[in-house]
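These notes are about the structure you will find just below.
Every read-out reported here was derived from the displayed coordinates using simple, explicitly stated rules and does not represent laboratory data. Remember, predicted model here, so these are calculated numbers, not experimental data. Methodologically, a virtual Cβ is constructed for each residue, glycine included, from the backbone with ideal geometry; neighbour enumeration extends over all protein chains shown.
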Amino acid sequence: MYIDPHIHVVSRTTDDYEAMQKAGIVAVIEPAFWLGQPRTEVGSFKDYFSTLVGWERFRASQFGIVHYCTMGLNSKEANNEALAEQVMELLPLYVGKEGVVAIGEIGYDDQTEAEDKFYRLQLELAKEVDLPVLIHTPHRDKRKGTIRSMDVSEEHKLDPKMVIVDHNNEETVKEVLDRGYYAGFTIYPHTKMGSERMVEIVRQYGPERIIVNSAADWGISDPLAVPKTADLMRKSGIPEEHIKLVTYQNALTAFGQSGQMDEQDWLNAAPLDQTKKMGGNSVLRGGQTPRVEGSSDIVEN
Ligand SMILES: [Zn+2]
C-alpha cells in the first residue's frame, strides 16, 4: 500500500487513477494550488475548493482511492492582493470540511511581501483550527526560501511536528530534519530530483519524517512516482520497513494529526461501485460497464 500525499488529481485522467490503484496507491492528498491560468474572481476559488472536497473526492472513490485535500491560498496568487483578501475570507468555510487534512500548500514563490503576508495569515489560521501545514518551497532560491519558511513558522510558534516542508532536495533536507519538520520530496521525471537521488537520500538520512510524493499535475509529471521510487528502493536494498515509512506511514502520521485521515478509511472502505452517482453525475459514459467489487453481477449503465 502506498499514499501519494501530494498530487493534483483534478488535472489527471481516469487512466491515471486506474494505474495508480493497480500500482498500490490507496490514498492521495490533493493540495489546493494554482491552475496555470490565474483566477480573476473569488468564485473561481470557491468552486475549486468545493471540487476538492466534493466531486474529486467522489471521482477518486470510483477508482478505489481515498481522496483527501489541503486548503489554502497558494503563494503565486497571494500576489493578487485584492483577490487574496477575499480568499482569506472564504478559507474558514472550507478548512473544517470532511477530508481536509492540512492548510496548504502555502509559503513562498518569488518571496514577495504579499506572499509573506498571506503565508503568515494562513499559519495563524492553521493554529486556530489545529491543522497541520503543508509548505510549498520556491523553485528559485530554494535554500533561502526554505529556511525563511521555517523561520517564519517558528516566529508564529508552530510546532515543527505539525509542519510538512515540501519539495526538498539535498541542499535543504538536513536543516529541515534537524529542526524537527517533516521533509517532503517531489519526484519529477527528467529532473535532478529523480528516484535515484531519493534512494540516496533515504540511505543517508534514514526514513524518519521523510515523505515521498509525485506532485503530479497538468505539467510533465508522473502519478506513479511514489510506487516507482519504492520499487527502485527495493532493488537498491533499502529495507522494506524504511520504504513503508517514506511511501506510506510518515504521510499518514503527519497528516493524520488533522483527525481527518485514518487507515480504516481505506482498509474498511465500501467496495468500489461505479454505479454510484454524485449530484446525478457518474464517471461512466454511455454503455460502459461499471466496475463493482464484491459482485459478480454486471450492472448495465
Ligand atoms: Zn503542488
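The amide H of Y68, built 1.01 Å from its N in the peptide plane, has V28, I29, E30 as neighbours under 5 Å, considering only residues 5 or more places off or on other chains. Computed over region 2-276, relative contact order equals 21 percent, with contacts defined as Cα pairs under 8 Å that lie 6+ residues apart.
Taking the number of Cβ atoms within 10 Å of each Cβ as an exposure proxy, the fewest-first ranking of T14, T137 is T14, T137.
Charged neighbours of D166, selected by a Cβ distance under 14 Å, balance to -3 (K, R count +1; D, E count -1). Put the Cα centre of region 64-94 next to the Cα centre of region 229-246 and the gap is 34 Å. Here the Karplus relation 6.51 cos²θ - 1.76 cosθ + 1.60, evaluated at θ = phi - 60°, turns the backbone of region 32-39 into coupling constants of 5, 8, 8, 10, x, 7, x, 7 Hz, with x for every Gly and Pro. The calculated 222 nm mean residue ellipticity attributable to helices in the chain amounts to -11000 deg cm²/dmol, summing -39500 (n - 2.57) over DSSP H runs of n ≥ 4 and dividing by all residues.
Within region 2-276, the percentage of alpha carbon pairs spaced more than 35 angstrom apart rounds to 10%.
Could you sort out which of K117/K228; K46/K117; K97/K276 sit more than 26 Å apart by Cα distance in this structure? Those over the limit are K117/K228. Computed about the Cα centre, the dipole magnitude for region 2-276 is approximately 540 debye when only Lys and Arg (+1) and Asp and Glu (-1) carry charge, each at its Cβ. Ranked by the mean number of other Cβ atoms within 10 Å of their residues, highest first, the peptides 77-85, 237-245 fall in the order 77-85, 237-245. For the residues K144, K127, K161, a GNM of the chain with alpha-carbon springs under 10 Å puts the largest fluctuation on K144.
The S282 and E175 beta-carbon pair, evaluated with R₀ = 45 Å, returns a calculated FRET efficiency of approximately 0.40. Cross-link partners for K174 among the lysines, with Cα-Cα distance under 18 Å and sequence neighbours closer than 8 places in the same chain left out: K142, K144, K161, K192. Counting only DSSP beta bridges whose two residues both lie in the chain, roughly 10 percent are antiparallel.
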